[in-house]
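What follows is one structure encoded as structure tokens, with my remarks underneath.
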Amino acid sequence: MADERDSIYHVDGDLVPASEATVSVDDRGFRYGDAAFETLRAYGGTVFEWGAHLERLEATCEALSLAHGLSGDDLRGRIDETLAANDLEDAYVRLSITRGVQPGKLTPRPEVDPTVVIYVKPLPRGGVDGDPVWDDLATVRTVETRRIPEEAIPAAAKTHNYLNGILARAELRAESEDGAGEADEALMFDLDGYVAEGATSNLCFVQEGVLHTPTTDADVLPGITRRIVLELTAEADIPVREGRYELADVLAADEAFLTNRTWELRPIATLDGGMIGSGPITERLSRLYDERVEQTCYE
């Protein structure tokens, strides 16, 4: 696919060129961010961890009381059609479901005619023969923007209302313009001042051979890549602790990395200017992750 403008979208059951892909200005996803989404990766034409993504999508829709009425097989079929239409096997995939068009009132109607949009773009091959989508280890800075508390918006819900992450990334840009230098990710705290997660990533770090990660019992999205990493630590007999951590704990780490579906495992080069870097546990988990992708999607 030479140009994203030539790509094919899947919009409400139809494959359409990107230039013709539209939704109504009265759509509640546009008006209110009243929508659920998932970011997925296809490796060799296989949507990795589709079952886990579908489960989380349904949990988000349940949290929003968004009864879209679409089956998992229907949604998966639309993704496969979009990949085929774009002649892609290794790809980024985004699936969005909004509540659709309803009268311009905040209170949603229980009857839903959902808007469903699927977008794909090429990514490098994954697995043991793949290359990461990132060029360098991540430069990370903390920001003043706090993670939205679970009591306000469920932390596990992936909705179109991404203002929290946008504000965090906007802070990074403003600091960069003021001479702080470029950063790849913003690290946010919860309202109690504990480290939570990145704007679009989960955090893991290693101290004295133990992998630590902020608990999802707090205001942290339970990322699917994060979950796989924890499964891999169990297979590799790497001790794990999920807890609540202060910034000093992370700055003192021997290794640290970020996880999300696109980056997979991305080591942290620096945090607030302090050097951290990769290490043997990060490298081992990255290799095990690649092996799982290879076995699941390419063999």
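Data for the structure
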item: Selection within region 226-242 - touching a helix residue (DSSP H, G or I) at 6+ places or on another chain (Cβ under 8 Å) and of a type outside the set (D, E, K, R); result: 228, 229, 232, 233, 236, 238, 239, 240
item: The listed residue being aliphatic (A, V, I, L, M) and under 17 Å from the mean Cα position of the chain (by Cα), out of 218, 180, 156; result: 156
item: Residues (part of a strand (DSSP E or B) and within 30 Å of residue 48 (Cβ to Cβ)) located in region 263-275; result: 264, 265, 266, 267, 268, 269, 270, 271
item: Criterion: surrounded by 15 or more Cβ atoms within 10 Å (Cβ to Cβ) and among the β-branched types (Val, Ile, Thr) - qualifying residue of 140, 128, 133; result: 140
item: Sole residue being among the hydroxyl-bearing types (Ser, Thr, Tyr), modelled with pLDDT of 95 or more, in a helix (DSSP H, G or I) and not assigned by TED's automatic domain parsing to the domain that holds residue 91, chosen from 278, 286; result: 286
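The values are calculated or read from the model by the stated rules, or taken from the named source; none is laboratory data. On a predicted model such as this, the values are computed, not experimentally measured, just so you know. So basically every Cβ, Gly included, is an ideal-geometry build from the backbone, and we count neighbours across all protein chains shown.
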